[in-house]
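The structure appears below as structure tokens.
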Amino acid sequence: MDAGIQKRRKLDADLRQAIAGGQFEIYYQPQVNAGTEEVVGFEALLRWHHPERGLVSPDEFIPLAEETGLIVPLGEWVLRQACKDAANWPGHVRVAVNLSPVQFRSPSLTHTVISALADSGLSAFQLELEITESVLLTDSETALATLHHIKGLGVRIAMDDFGTGYSSLSYLRLFPFDKIKIDQSFIRELGDSKDCAAIVKAVVDLGSSLGITTTAEGVETTNQLDQVREHGCTEIQGYFFGKPLPFSHVEKLLRKGSPSQSR
């Protein structure tokens, strides 16, 4: 128990030093149009280059950052850097940034979004903010008001990990999301589970009826690609079209137009 406490304290201290010392980098995973396979956006994914441990998994440090509140300054840096990186991308290519529940509850969130757009010169339409259902589980009225305010700026709002929470359908009724991201756990079992196939098809049909883009996450095989296309998903993200890339590789991919051209 003592060893666990000491390890956590060390990670906390290292995390604070990392934020101050600029040890973080954003990698970008392509999102492609299901029909044309052209890049339509990139999801910004945080990476920590620890001076001693090397690359530290987000699964290890993000929960601690949320628990300690460090996710607020860290999330603000990601948002600002992602907007800056995407400012010179083609106008139809978006950048998607994840918002944690803790970060979403920050009273400065809307101001941070406005400031990040203004400082970078990025069009609001090119920014997409991804939230999970947990954002709406507490004080949903305030959360919905914040979402409407941000959406009113022209920023797109996506529901991430759709289908893994409790009240997805009611939230789709209460707020006009621009995108539903179908959780990769459903995509992973498409070839083996009729239930997963039925769920994916139902979500896609629901999105189509509501005018909401549907993105299949975690597509890794040709079989999965064929099935999500057959079900009608409009966008695809996953290792089949590319792993997360350093910013320096993004421009090269954009010149090619489609990740499939590099396979």
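The values are calculated or read from the model by the stated rules, or taken from the named source; none is laboratory data. Quick caveat: nothing in here was measured; it's all calculated off a predicted structure. FYI the Cβ positions are ideal-geometry reconstructions off the backbone, even for glycines, and counts take in every protein chain you see.
Can you pull out the strands (runs of 3 or more DSSP E) entirely within region 106-196 that have at least 3 residues that are charged (D, E, K, R) and closer than 30 Å to Thr222 by Cα?
Numbers: elements: 127-131, 156-162, 179-182.
In region 106-196, 156-162 are the strands (runs of 3 or more DSSP E) which contain 3 or more residues that are charged (D, E, K, R) and closer than 30 Å to Thr222 by Cα.
Conditions: (1) in a loop (DSSP other than H, G, I, E, B); (2) charged (D, E, K, R); (3) over 20 Å from the mean Cα position of the chain (by Cα). Arg229 meets all but one. Number of the miss?
(1)
Looking at region 50-68, can you tell me whether even one residue there is over 15 Å from the mean Cα position of the chain (by Cα), acidic (Asp, Glu) and more than 28 Å from Glu217 (Cα to Cα)?
Looking through region 50-68, at least one residue is over 15 Å from the mean Cα position of the chain (by Cα), acidic (Asp, Glu) and more than 28 Å from Glu217 (Cα to Cα).
Determine whether Leu147 is of a type outside the set (Ser, Thr, Tyr) and in contact with a Leu (Cβ under 9 Å, 6 or more places away or on another chain).
Working: of a type outside the set (Ser, Thr, Tyr): yes; in contact with a Leu (Cβ under 9 Å, 6 or more places away or on another chain): yes.
Yes: the conditions hold for Leu147.
Give region 208-226 a look and list any residue that's more than 25 Å from Ala82 (Cβ to Cβ) and not in a loop (DSSP other than H, G, I, E, B), or say none. Break it down into steps so the answer makes sense when it comes.
We begin by selecting, within region 208-226, every residue more than 25 Å from Ala82 (Cβ to Cβ); these are 208-211, 221-226.
Matches in region 208-226: Ser208, Ser209, Leu210, Thr222, Asn223, Gln224, Leu225, Asp226.
List pairs: first residue in region 1-30 and touching a residue at least 12 places away in the same chain (Cβ under 8 Å), second residue small (Gly, Ala, Ser) and assigned to a helix (DSSP H, G or I) anywhere in the structure, Cβ distance under 8 angstrom, at least six positions apart or on different chains.
Leu15/Ala65; Phe24/Ala18; Ile26/Ala82
Name every residue in region 177-225 that is closer than 16 Å to Thr164 by Cα and among the charged types (D, E, K, R), in order of residue number.
Answer for region 177-225, where residues must be closer than 16 Å to Thr164 by Cα and among the charged types (D, E, K, R): Lys179, Lys181, Asp183, Arg188, Glu189, Asp195, Lys201, Glu217.
Residues Leu109, Leu127, Leu190: which one is in contact (Cβ under 8 Å) with a residue 24 or more places away in the chain, farther than 19 Å from Arg80 by Cβ and of a type in the set (A, V, I, L, M, F, W, C)? Don't jump to the end; show me each part of the working.
Values: Leu109 fails: farther than 19 Å from Arg80 by Cβ; Leu127 fails: farther than 19 Å from Arg80 by Cβ.
Going through Leu109, Leu127, Leu190 in turn, the sole match is Leu190.
For region 41-56, check the following and say yes or no: at least one residue is acidic (Asp, Glu), surrounded by 14 or more Cβ atoms within 10 Å (Cβ to Cβ) and either touching a Cys at 6+ places or on another chain (Cβ under 6 Å) or modelled with pLDDT of 95 or more (or both).
From region 41-56, those acidic (Asp, Glu) are 43, 52; that's our starting set.
With surrounded by 14 or more Cβ atoms within 10 Å (Cβ to Cβ) added as a condition, the list becomes 43.
Now drop any that are not either touching a Cys at 6+ places or on another chain (Cβ under 6 Å) or modelled with pLDDT of 95 or more (or both), which leaves 43.
The answer is yes, given that some residue of region 41-56 is acidic (Asp, Glu), surrounded by 14 or more Cβ atoms within 10 Å (Cβ to Cβ) and either touching a Cys at 6+ places or on another chain (Cβ under 6 Å) or modelled with pLDDT of 95 or more (or both).
Only one of these conditions is not met by Ser248: (1) within 14 Å of Gln29 (Cα to Cα); (2) surrounded by 15 or more Cβ atoms within 10 Å (Cβ to Cβ); (3) of a type in the set (Gly, Ala, Ser). Which number is it?
The one condition Ser248 does not meet is (2).
Using beta carbons and a limit of 9 Å, which pairs, at least six apart or on different chains, have the first residue in region 151-164 and within 11 Å of Asp178 (Cα to Cα) and the second one small (Gly, Ala, Ser) and at pLDDT below 95?
Met159/Ser168
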